1. Being within 11 Å of the ligand (Cβ to nearest atom) and over 30 Å from residue 21 (Cα atoms) is true for just one of 256, 272. Which residue is that?
2. Which of the residues spanning region 161-192 are part of a helix (DSSP H, G or I) and surrounded by 23 or more Cβ atoms within 10 Å (Cβ to Cβ)?
3. Can you pull out every residue in region 46-81 that is more than 16 Å from the ligand (Cβ to nearest atom) and either surrounded by 18 or more Cβ atoms within 10 Å (Cβ to Cβ) or free of Cβ contacts under 8 Å to residues at least 12 places away in the same chain (or both)?
Ligand code: MLT
């Protein structure tokens, strides 16, 4: 009997293949290459992706026997869930697999900004011993504003409290009881923007959240504020960010995610007070192992016609 075919459209951890086991034919493709994707998806039963593969209506229409789309990560913004549902294709993800990694990268970015670590590192490696130029700021007693107090936001709050910061959060879906439990002060978005020394955004990418940090938001921030985006490209308007940096409306920014990925040459890369990483939030051995095993298990269950429990 022919084995069901599972297409790995991005580089996934070896644990993913181990967890799938011997019952499937495994194929690989580069999901970011559109023509490769459209031909490879045509005759597979399941596709596994991270964030670089757009499983949109066109890709779903090209898939003649697809039963499962599995996203080895948190967000589902690269999958057209409506088109999948209409085509009777199940969509699964691994919503808790990389939350610790994303939270830790956020804290790393906040510290990098506060202490100019990347800029000082580059300068010293280029032969410049500049101590006063890279004088930084402490986190102690600073206000950190978290936009989106979901799973990742809550982990960041817990970690930053060790630095004796005051955590403000904006999240219309979080109750004051939950905020109190996390020792976080819930505030309006405007209050958060106006008061925070560090602002970090952890919202899903939806039509409502795209561009939510734009010119108006930057106008409300302190000119000493630092902004971090480890969530999704486009939540912070990239042109508005560039203008805010150029005009000194904020002190700096750390950005891990971009409207267009990969992006290797954006205007904001030219600022010394900007720290960038290439969408590394989920890129740890632990997160990739957890994500891969989780979606592999879901794919096994789904292709066996069994119930896939909520992760
Ligand atoms: C996620 O949504 O979990 C991550 O962005 C996945 C990834 O790193 O590709």
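A short reminder: the numbers here are calculations on the coordinates, not readings from a lab. None of the values given here were measured: they were computed from a predicted structure. Heads up, the Cβs are rebuilt from the backbone with ideal geometry, glycines too, and the neighbour counts pull from every protein chain shown.
1. 256
2. Answer for region 161-192, where residues must be part of a helix (DSSP H, G or I) and surrounded by 23 or more Cβ atoms within 10 Å (Cβ to Cβ): just 192.
3. Residues satisfying the conditions are 46, 59, 60, 63, 66, 67, 68.
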